[in-house]
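Below: one structure, written as structure tokens.
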Amino acid sequence: MERNYRKEYDSYHSKPKQRKNRSSRNMARRMLKNRVGIKGKDVHHKDGNPRNNSSGNLAIVTKKYNRSKK
């Protein structure tokens, strides 16, 4: 079965809450963009809240660690 990206966007990603979460994740990435060693890695929110961009809550981690199911 093929994935229906349009339906997925319309039913989840376009919702106001998810748009704010995505915006906050992008902002966290911009905040840490000048750090050494960020290329090829992800910005991790330690508490799992994408809207909490305090410096103590952000960490630079590997993509494998950040995208794995915990």
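The values are calculated or read from the model by the stated rules, or taken from the named source; none is laboratory data. Bear in mind the structure is a predicted one, so any value in this text is a computation, not a measurement. No Cβ is skipped: glycine too gets one built from the backbone with ideal geometry, and neighbour counts run over all protein chains shown. These accessible areas exclude ligands, DNA and RNA; they are computed on the full protein's heavy atoms, side chains included. Shrake-Rupley method; radii C 1.70, N 1.55, O 1.52, S 1.80 Å.
The table that follows gives values for the structure above.
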read-out	value
Exposure rank, largest accessible area first [MET27, MET1; 1.4 Å]	MET1, MET27
Rounded to the nearest 20 debye, dipole of the chain from Cβ charges on Lys, Arg, Asp, Glu	100
Carbon plus sulfur fraction of accessible area for the chain, probe 1.4 Å, in percent	50
Extension gain, LYS39 back to ASP10 (0.36 nm per residue minus Cα-Cα distance, nm)	7.3 nm
Extension reserve of the LEU32-ASN49 stretch, reckoned as 0.36 nm per residue once the Cα distance is removed	4.4 nm
Per-residue [θ]222 nm for the chain (sum of -39500 (n - 2.57) over DSSP H runs n ≥ 4, rounded to 500)	-10000 deg cm²/dmol
Kirkwood-based Rg to Rh ratio, the chain, C-alpha trace	1.03
For a label point 7 Å along the Cα-to-beta-carbon line of SER23, residues of the stretch 41-61 with backbone N under 13 Å	51
With Cα atoms, 0 to 90° folded angle of helix 16-31 axis to the chain main axis	30
Lysine pairs in the chain with Cα atoms under 16 Å, if 8 or more residues apart or on separate chains	11
